[in-house]
Amino acid sequence: MSHEITIQQAADRADQANVTLLMLRKTIDEMDIADIETAVILASDLLDSVAAWLIVEQAQRGKSHA
């Protein structure tokens, strides 16, 4: 099974999600609920593919070491 994203894409998306959450943390008191929800959805969307990639990668490495 081939990966849908590359390791570089996974790293970039994780970094983008991290920046999004850091910005949210620093400005949350100044944001309305719709803006907060948008930031959380953006971070979640970025991390979904990263989490899926890590699960597949871990399974593949487990098979190769078995």
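List of remarks:
- Positive-end residue, the chain charge dipole about Cα centroid, Cβ charges, pick of 14, 60, 39: 60
- Degrees, to the nearest 10: 33-64 long Cα axis against longest axis of the chain: 10 degrees
- Helix content alone sets the calculated 222 nm mean residue ellipticity of the chain: runs of n ≥ 4 DSSP H residues at -39500 (n - 2.57) each, divided across all residues, give -28500 deg cm²/dmol.
- For the chain, the calculated P(r), taken from all Cα-Cα distances in 10 Å bins from zero up to the bin holding the longest distance, is 20, 39, 23, 13, 4, 0 percent.
- Degrees separating the helix 7-27 axis from the principal Cα axis of the chain, which is the longest one: 20 degrees
- The chain, dipole about Cα centre (Lys/Arg Cβ +1, Asp/Glu Cβ -1), debye to the nearest 20: 500 debye
Coordinate-derived values only; no laboratory data. Since this is a predicted model, take the numbers as computed values, not measurements. Cβ coordinates were reconstructed from backbone atoms using ideal geometry, including for glycine residues, and neighbour counts include every protein chain displayed.
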